[in-house]
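Step one of this worksheet: look at the structure below.
The values are calculated or read from the model by the stated rules, or taken from the named source; none is laboratory data. Keep in mind it's a predicted model, so treat the numbers as computed, not measured. Here the Cβ positions follow ideal geometry from the backbone for every residue, glycine too, while neighbour counts run over all protein chains shown.
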């Protein structure tokens with residue numbers, strides 16, 4: 001049974017006509033783009049697929065913003081007329097100011113419509129925010145509802161770690177999303193199953209390594225851990241000291257395989273060797289995957 005935690009009450013309005021409007025960041029356009037269609041509502045994807053000529057796009061010069069001409073042309077493309085056209089254009093410009101002001105990556109209004117009295121209304125909205133702008137938008141990010149999120153992901157985010165839980169039994173601690181994906185692939189290639197995706201990022205410190213180990217080991221399905229670090233920005237000695245400290249503080253009792261390459265990796269491996277802890281060193285990624293999978297059956 002699903003438990004309802006909150007109820008939103010909104011004014012009921014009659015919609016006489018629906019259109020679609022959005023502002024999105026488009027890499028191919030190298031900036032924000034206005035996207036609109038006079039055919040809004042739940043079937044907008046079908047419109048895009050079957051009637052692409054009914055989708056209108058207008059690139060925006062970020063040094064200028066949305067001009068009066070662009071806003072009016074988009075409102076006309078959405079088939080607003082009379083006083084509603086002027087009001088729709090005004091709202092389009094206001095939505096662009098919102099888009100910039102809250103560091104959004106997308107502002108989607110579906111539908112942007114008219115009431116039976118001719119009033120232009122944003123009946124529904126979806127806004128995506130740039131995670132990198134969290135330091136500027138603290139009030140917005142503080143409103144995030146994590147009640148239905150994986151508590152491990154929520155805890156990881158609190159420590160500036162990127163975590164995604166999976167169903168396997170090998171915990172992974174890696175730096176960089178690409179290396180994390182490669183690590184999970186090679187674990188599966190060696191007939192193992194990753195328990196998570198955990199990216200510590202480029203600015204990791206020893207405390208974050210400790211917190212990463214806590215998150216991984218709090219998962220009861222994890223039976224072994226693989227640490228795979230390529231130190232470019234990351235100093236491998238920071239990782240090594242973090243591993244040693246984490247193993248001692250949480251009293252790690254499961255197999256741990258570590259592969260460290262890159263910045264200060266020789267010194268980092270020495271730190272692990274001299275720790276006296278039962279840490280298995282790996283010479284490369286294939287060796288690391290082979291050892292961590294084998295440790296589950298030893």
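Name the one entry in 112, 98 that is modelled with pLDDT of 95 or more, closer than 30 Å to residue 30 by Cβ and either touching a helix residue (DSSP H, G or I) at 6+ places or on another chain (Cβ under 8 Å) or in a strand (DSSP E or B) (or both).
Residue meeting the stated conditions: 112.
Only one residue in 185, 169 is in the same structural domain as residue 226 (by TED's automatic domain parsing), over 22 Å from residue 234 (Cα atoms) and free of Cβ contacts under 8 Å to residues at least 12 places away in the same chain, so which one is that?
Selected residue: 185, the only one of 185, 169 that is in the same structural domain as residue 226 (by TED's automatic domain parsing), over 22 Å from residue 234 (Cα atoms) and free of Cβ contacts under 8 Å to residues at least 12 places away in the same chain.
Go through 228, 264 for me and flag whichever is in contact with a helix residue (DSSP H, G or I) (Cβ under 9 Å, 6 or more places away or on another chain) and either at positive phi or not assigned by TED's automatic domain parsing to the domain that holds residue 199 (or both).
264
I'd like the residue in the range 116-128 that is under 36 Å from the mean Cα position of the chain (by Cα) and touching a residue at least 60 places away in the same chain (Cβ under 8 Å) and, out of all such residues, is farthest from residue 12 (Cα to Cα).
Among them, the one singled out is 121.
Residues to consider are 268, 240, 281; find the one that is surrounded by fewer than 22 Cβ atoms within 10 Å (Cβ to Cβ), farther than 15 Å from residue 187 by Cα and either at pLDDT 95 or above or in contact with a strand residue (DSSP E or B) (Cβ under 9 Å, 6 or more places away or on another chain) (or both).
Checking each option against the conditions leaves just 281.
Would you mind stating whether residue 258 is at pLDDT 95 or above and farther than 16 Å from residue 179 by Cβ?
No, not satisfied.
Within the range 140-153, is there a residue that is in contact with a strand residue (DSSP E or B) (Cβ under 9 Å, 6 or more places away or on another chain), closer than 22 Å to residue 209 by Cβ and free of Cβ contacts under 8 Å to residues at least 60 places away in the same chain?
yes
Restrict the check to the range 154-165 and report whether at least one residue is free of Cβ contacts under 8 Å to residues at least 60 places away in the same chain, surrounded by 19 or more Cβ atoms within 10 Å (Cβ to Cβ) and either outside the structural domain of residue 274 (by TED's automatic domain parsing) or farther than 28 Å from residue 5 by Cβ (or both).
Within the range 154-165, none of the residues are free of Cβ contacts under 8 Å to residues at least 60 places away in the same chain, surrounded by 19 or more Cβ atoms within 10 Å (Cβ to Cβ) and either outside the structural domain of residue 274 (by TED's automatic domain parsing) or farther than 28 Å from residue 5 by Cβ (or both).
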